[in-house]
Amino acid sequence: EVIIKRNSEIMQKLSEKGFTAYFACSRCFALIDSYLNKYAEKYTIPELLPKGIVIGRIPANSGNIFLRGIVDGHPEVLIIPYSEFSNNLFLYCIRLANVASNKVLRSFWDMYDAEVGDKESVFPCPQIFEDTAKRLLDLKEKFTSQELFVLFHIAFAKMMDRERKLEVSNLVIYWEPHFMVRNEFPFLTLWLQDKKVNGQTIALRRNNMVRVGSTYYNHDKTKQENCTLMSRQNAFNEIFLPNFDFMWNGDNLELQYWTEHKMRFEDIKTKPVIMLKEICRILNIAWSDSMLTTTVFGKPMAMKGNTDFDLKPVFNKYEDYFEEFDRFRISIASSLFQKRYGYTYDNILKFTRRELQDLFFKPFLFDEKSMFGESTYKEDVNLYEWIRWQLWNVRKHIILDDVVPEFDTFELEQSGNKRLDEYRQKEINKSVEYIRSHDKLILYGTGNDCLGLLKLMDDSTKEKILYSDKKAETQPYIFQNKNVIAPKELCSVYTDYNILVTSSLYRLGIEYELENMGIDLSRVYYNRAEFREEGK
């Protein structure tokens, strides 16, 4: 209801400015074009009929730049580098379709100046771009949006390399509008497909335990430059998002002249010759040694210091953002995606719902990196409710067994149980060290986790410890032969004591309660290791 209300408010504001929901996204324009021109020719003249068109349908941080760098220097490939021009090319072509040819360029520059500006950074030699475009625009009185798509690629390529021979019938266009929503890519193929054109999509995938680390790395770098913080909700979205990959791929669209090919980033990195030859086969282009070097318009390219076929992006654990236990949880959360594409994952059915809740309530290492803006207790509660729903969805599909593996297993990880044991022991050691290093300390909570910690203490350490529990609010309560302190006394009589919250499961609620009592949270430490009763 909240989402519906919010969308209604947004549409109300847009309608006041003359917009309607029908023209809210690229898919609408693609469907309109498909309907209006269902029986019309899209590519009517040889000069604007390419050998093929390839779309890179690649999630962010999954090899977008890498694949572009591979095909960039190939003599049979036309490609426009990342820019607002490339990202919005579809919308320019749609709006300029059927405009009188002698008005196309002027109309385009008016749009570009009004919507983007900064022409020089994208068009270093606009006169060459214009001269090439004008020569092609003289061929007809009006052009289809698809022909303009080809025309702009030719004009841009000529601007960047005026000596290059551009016989478009021998060339393949590679296009990846980087900031467009990936679920709209099938509509781009619907728009461009034609029986005259060899239309292909390369859908690249990457191990989510590495992809998420790359995402956080890029965000952290951006944050340092412009102080923009990622919300915790978006951080967890990145973990669960790949699961939606299998829900819709445009299967209900009439893509009879277009084929999608799924590949893995890791396979191209680890088996370059085999996979590059497969890319050549898909694109129907000859082998070129230029594909062994990643470039941007012929100049060597490096991504995060990695060039060509370095293997670090395959095996990078991003240890500044994840511990092994974090990676274990990501392998559970994204197991639908991991299973489908042959990546290692941990079976969610090994754990009860309570165990899963406990696992995901524990903080991630990236929580300590100050990557997130401040969140309220209510926002955190809503986030954990959302996480519970996501885990339920993963469990459902694993039980139904409706996710079919499409690739052989690509092994990278140790077992989830080992990572869980390593994490638990590390957190136990932290809590034990905290208790031993504080002379004036109160353990808050007297449940199983408290008893488990006390079993690791010697008598002298136990002697100095005091205890607090909500059970002492209404009546006297004895624990370990000591009077238990009522929580309200923590902010009056015992203000000079540090507090260790023993419960690993209910940390979030206890933190909220302590803060509302007026307790300085810098006094508080949280145990994150769960202890079970004997036999459970």
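Worth pointing out:
- Distance between modelled label sites at F179 and R164, nm, 7 Å Cα→Cβ extension: 2.4
- Here segment 124-172 and segment 36-84 have alpha carbon centers that stand 14 Å from each other.
- Residue by residue, segment 51-59 carries 3J(HN,Hα) couplings of 5, x, 10, 10, 9, x, 9, 10, x Hz when phi is fed to the Karplus relation 6.51 cos²θ - 1.76 cosθ + 1.60 (θ = phi - 60°); x denotes Gly or Pro.
- In terms of packing, defined here as the mean over residues of other Cβ atoms within 10 angstrom, the peptides 431-443, 449-461 line up highest first as 431-443, 449-461.
- Peptides 197-207, 354-364, 72-82, ordered by how many other C-beta atoms sit within 10 Å of their residues on average, highest first, read 197-207, 72-82, 354-364.
- Helix-only CD estimate at 222 nm, as mean residue ellipticity for the chain, using -39500 (n - 2.57) per DSSP H run (n ≥ 4): -13500 deg cm²/dmol
- Solvent accessible area, Å² - M180, 1.4 Å probe, full protein context: 20
- For Y444, the residues whose amide H sits under 5 Å from its own are S468, L500, V501, T502, ignoring neighbours fewer than 5 places away on the same chain, with H placed 1.01 Å from N.
- Accessible surface of the chain, 1.4 Å probe, proportion on carbon and sulfur as whole %: 51
- Check: the chain dipole with +1 on Lys, Arg Cβ and -1 on Asp, Glu Cβ, in debye: 720
- Shape category assigned to segment 17-103 from the gyration tensor of Cα positions, a/c cut at 1.5: oblate
- Taking amide H positions as modeled 1.01 Å from N, with prolines and chain starts lacking one, the residues under 5 Å from E406 and 5 or more places away or on another chain are Y341, G342.
- Cα gyration tensor shape for segment 316-386, rounded if a/c is under 1.5, else prolate or oblate: oblate
- Entry comment: accessible area of the chain is 49 Å² per residue, from protein heavy atoms only and a probe of 1.4 Å.
- 3J(HN,Hα) along segment 270-285: 8, 10, x, 5, 4, 6, 5, 5, 5, 5, 4, 5, 4, 7, 6, 10 Hz, from the Karplus curve 6.51 cos²θ - 1.76 cosθ + 1.60 with θ = phi - 60°, whole Hz, x for Gly and Pro.
- Taking label positions 7 Å along the Cα-Cβ direction at both T270 and R353, the computed distance is 3.7 nm, reported to one decimal.
- Which listed pairs, of K196/K299; K317/K350; K142/K262; K262/K317; K38/K339, have C-alpha distances above 30 Å, in listed order: K196/K299; K142/K262; K38/K339
- Estimated FRET transfer efficiency when R0 is 30 angstrom, pair E385-D520 (beta carbons, to 0.05): 0.55
- One chain, two ends: E254 and N234. Fully extended at 0.36 nm per residue, the span grows by 3.9 nm beyond their Cα-Cα distance.
- Solvent accessible area, Å² - D118, 1.4 Å probe, full protein context: 100
- Extension gain, E513-I45: 0.36 nm per intervening residue step, less the Cα-Cα distance, totals 161.3 nm.
- The listed residues S290, S145, once ranked by accessible area (1.4 Å probe) with the largest placed first, stand as S290, S145.
- With θ taken as phi - 60° and the Karplus curve 6.51 cos²θ - 1.76 cosθ + 1.60 applied, the whole-hertz 3J(HN,Hα) list for segment 451-460 is 4, x, 5, 5, 5, 9, 9, 7, 4, 5 Hz, x standing for glycine and proline.
- Burial order of peptide ranges 253-261, 182-190, 34-42, 230-238 (average beta-carbon count within 10 Å, highest first): 182-190, 230-238, 253-261, 34-42
- Which of D194, D421 is most accessible, then next, and so on - probe 1.4 Å: D421, D194
- Amide H partners (placed H, <5 Å) of Y477, local residues excluded: V484
- Estimated distance in nm for a label pair at K430 and D194, the labels positioned 7 Å out from Cα along Cα-to-Cβ: 6.0
- For V197, net neighbour charge (Lys/Arg +1, Asp/Glu -1) across residues whose Cβ lies under 9 Å away: +3
- Above-threshold pairs, the threshold being 24 Å between Cα atoms, out of K51/K158; K426/K455; K221/K430; K378/K455; K221/K277; K440/K482: K221/K430; K378/K455; K221/K277
The values are calculated or read from the model by the stated rules, or taken from the named source; none is laboratory data. Keep in mind the model is a prediction, meaning the values are calculated, not measured. Here the Cβ is made from the backbone with ideal geometry for all residues, glycine too, and neighbour counts use every protein chain on show. Note: accessible area is taken over every heavy atom of the protein model, side chains too, but ligands, DNA and RNA are not part of it. Shrake-Rupley method; radii C 1.70, N 1.55, O 1.52, S 1.80 Å.
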